[in-house]
Each structure stands twice: as structure tokens, then as C-alpha cells.
Amino acid sequence: MKGKVSLTFRLTPEYFHMPVITYREALNQALREEMRRDERVFLMGEEVGLYQGAYKVSQGLLEEFGEKRVIDTPITEEAFTGVGVGAAMVGLRPVIEMMTFNFSIVAMDQIVNSAAKIRYMSGGQFKIPMVIRGPGGAAHSLAAQHSHSLETWFCYVPGLKVVMPGVPKDAKGLLKSAIRDDNPVIFIEGELLYGTKGEVPEGEYTIPLGKADIKRKGSDVTIIAYSKMVLLAMEAAEELAKEGIEVEIVDPRTLRPLDETTILNSVRKTNRAVIVEEGWEFGGFGAQIAEIIYRKAFDYIDAPIERVAARNVPMPYAKNLEMATIPNKARVIEAVKKVLYFD
């Protein structure tokens, strides 16, 4: 397990008194419940079996389901992703774990040229019900080859769905929906979120893909943030509330398909928008959200949209430089005050 975060994220009051579990445990529950529900679901990847996952998401699954459904692989991302595509074509429902999404680059040909296109190229004769999941984003000094946010690359490809949950409740409900989906789903988990805690409903529930969630209601400015940036936005909002600034936080949860309606309704109410993402600013997914707001809600916005994103450099190894690269609370607060013309 890499890094420990003790943050506890609390949802709206109706979720109080639910079991509090970690993001990691929520994902484990989703996998376990779906494997019990459907014998076609299986997990495959590096160290998912005996080691129980690099981040312990697959803890106990090998013991319960056996080595035919929890499969350890060599370090061969392209090969085992390709096996997943083939398995999906013949009716199984593979869940492919990337030790980090930085390694998915090795498997891009299988993801982009096979998984995303086969249903279209076969005239609908083959569905590809597979999930490719694992951690993304910066961690604790894991440096340039283990720390990047590559969701924009996947969002660019028609045929892929892209999901990025920020809290345990969403992680469980969305992963269950992703496994049941008949399309390839890229499911990126925040690398520093595995130890975070939150209330998770007991029993069976799913969250539909493509449905955003308002994590905090407010009237002065809308922050659109996803994955780990939801927690950062919440911290900034609490700080700004002390100055009388009420921030509304919209978490898209699914980037493709994107719930434009919830984002636009919030911006039309607050008339100001700040987009927070962990990925690089140049060509980042936040630019797509900004374009949608400008095109569909231009007459409602009272200030230019601000974006808070990673600096346009490879992730440094040094801790202080890593922290200077990714968004922080001060930058979010500064952006909010800028759209309010406070500075």
C-alpha cells in the first residue's frame, strides 16, 4: 500500500449513520458482490491474487473465488488487456486491474483499437462488457512514470466510458454499474483516495453512469471537480464559507458520458464557474467542460471561467516540487475570488 490518508469525507445528512468504510473497502465490496451475483465476472492483473492487489482492493477475493476467477498475470499490460477483450467478446465480463493507469499506456492499442471499436466495427455483433480499473494521479513522490492523470486521453476516444469516483459511496455504486455495462469502461481510482473514509449504504445499490452529483450546495460560484479534487474543493469551500462565500460543488463522477445538464443548471444559478482537475491544464478535460459552459450558458456567466489544473510539466520526484505541481487549496480559493472579482 502506497501512502496513507486519514481524511473522512461526509456526505449530506441523509447518509449519516451508515457504515463508514474506506474507498478501498467500497471497491472490494463492489467486486465481491458482482462476482457473487454473476459467475461471468472475473478479475485479472498484476498481483491481484496472492498479493491481493497493490492497493489491497482485491483482498480476500482469491480465497473466495479461486484462481480461475482471480488471475495473477505477468507484467504484460498489452497481453492481459487483449485477453480481456477476447473474453468479453465471447460473453464473459472481465475486470482488468492496472497497477497504475500510467502503465495502461502500454496497452493503448488494445484499449483504443480493439476494446473501443469492436462493437462499432462489427455492426453490433460483439459487445465488449469489460472494466479497466486502477489508480491514477499523483501519490507520494512516485515521480513522472507513476503519477499522472491521463483521463483526458481516454475521454477523447469514442466507444469508451470514463468514470472517476471521488468518495467511497460513489466508488462502490459506480463500479457495480460499470461491471454491468455492456461497453468498455475506464474506471480510474484516485491514488491517494484508497484510505479515505465515508458513509456507504448497506446492501445492493448502483449509481448510474453519466449522472453527476452535487456534493455541496451554494449560491455564489460553482466548482466543477472530480476524483481527488472533490475533497480539495470541499476544503476550499469550507474555508471560503468563513468569509461568507457559498460555493456549490458539482462532481461529474462520470466524464464520458458527461452530465452536462447538472453542470449547466448549477452555473446558470451561480453565474460563475471554476473547474478543478488534477491533470495537465493544456488540453485537459477541464477545457472541454469550459467549452460546454461557454457554448450553452454564455449569457448566464458574469466572469470568465477559471481553471485550476496541474502545471504543464512531468511530475517531479521531490515532494515539495510535486506539491507545487498539483492543485492546492490556495489556488482554488484564489480562482474563486477571481471569478467573484474580489482581487
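The values are calculated or read from the model by the stated rules, or taken from the named source; none is laboratory data. It should be emphasised that the depicted structure is a prediction, and the values quoted were computed from it without experimental measurement. As a convention, Cβ positions derive from the backbone with ideal geometry for all residues, glycine included, and neighbour counts pool all protein chains shown. Each accessible area value is taken on the protein alone, full model and side chains, heavy atoms only, with ligands, DNA and RNA left out. Shrake-Rupley method; radii C 1.70, N 1.55, O 1.52, S 1.80 Å.
The figures follow:
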{"quantity": "Dipole in debye (nearest 20) - segment 195-271, about Cα centre, beta carbon charges: Lys, Arg +1; Asp, Glu -1", "calculated": "220"}
{"quantity": "Rg/Rg_ref, segment 182-234, where Rg_ref = 2.2 N^0.38 Å and atoms are Cα", "calculated": "1.37"}
{"quantity": "Global geometry of segment 131-287, whether rounded, prolate or oblate, following the gyration tensor of its Cα atoms and the 1.5 cut on a/c", "calculated": "rounded"}
{"quantity": "The chain: antiparallel DSSP beta bridges as a percent of all, rounded to 5", "calculated": "20"}
{"quantity": "Span per principal axis, largest first, for the Cα atoms of segment 205-343 (Å)", "calculated": "41, 37, 32"}
{"quantity": "Cα shape, segment 11-161, gyration tensor, a/c 1.5 rule", "calculated": "rounded"}
{"quantity": "Only Lys, Arg (+1) and Asp, Glu (-1) charged, at Cβ; the chain dipole about Cα centre in debye", "calculated": "300"}
{"quantity": "Magnitude of the charge dipole, segment 47-124, Cβ model with Lys/Arg +1 and Asp/Glu -1, debye to 20", "calculated": "360"}
{"quantity": "Ratio of Rg to Rh over segment 123-213 (Cα coordinates, Kirkwood Rh, two decimals)", "calculated": "1.00"}
{"quantity": "Residue-averaged 222 nm ellipticity for the chain, from DSSP H runs of 4+ at -39500 (n - 2.57), nearest 500", "calculated": "-9500 deg cm²/dmol"}
{"quantity": "Highest to lowest packing among 194-205, 27-38, 178-189, scored as the average C-beta count within 10 Å", "calculated": "178-189, 27-38, 194-205"}
{"quantity": "Spacing of the two label points (7 Å from each Cα toward its C-beta) at Glu235 and Tyr51, in nm", "calculated": "2.9"}
{"quantity": "Charge dipole (segment 62-105, unit charges on Cβ, about Cα centre) - positive-most of Asn102, Ala79, Val90", "calculated": "Val90"}
{"quantity": "Angle in degrees between helix 329-339 and the longest Cα principal axis of the chain, rounded to the nearest 10", "calculated": "50"}
{"quantity": "On Cα atoms only, tilt of 260-270 relative to the major axis of the chain in degrees", "calculated": "20"}
{"quantity": "Rg to Rh, two decimals, where the chain supplies the alpha carbon set and Rh follows Kirkwood", "calculated": "0.96"}
{"quantity": "Shape of segment 83-134, Cα gyration tensor, a/c cut at 1.5", "calculated": "oblate"}
{"quantity": "Principal-axis tilt of helix 77-89 within the chain, Cα atoms, nearest 10 degrees", "calculated": "80"}
{"quantity": "Approximate spin-label separation Glu64-Phe342, in nm, with each point projected 7 Å along Cα-to-Cβ", "calculated": "4.6"}
{"quantity": "Separation of the Asn113 and Asn328 label points, Cα + 7 Å toward Cβ, nm", "calculated": "4.3"}
{"quantity": "Length added when fully stretched, Phe126-Arg32, from 0.36 nm per residue minus Cα-Cα", "calculated": "31.2 nm"}
{"quantity": "Accessible surface of the chain [probe 1.4 Å, protein heavy atoms]: carbon and sulfur percent", "calculated": "55"}
{"quantity": "Per residue accessible area in Å² of the chain, where ligands, DNA and RNA are left out and the probe is 1.4 Å", "calculated": "42"}
{"quantity": "Alpha-carbon centroid distance for the pair segment 253-326 / segment 40-58, whole angstrom", "calculated": "33"}
{"quantity": "Exposure rank, largest accessible area first [Leu92, Leu209, Leu255; 1.4 Å]", "calculated": "Leu92, Leu209, Leu255"}
{"quantity": "Under 5 Å, built H, 5+ apart or other chain: amide partners of Ile224", "calculated": "Val250, Val274, Ile275, Val276"}
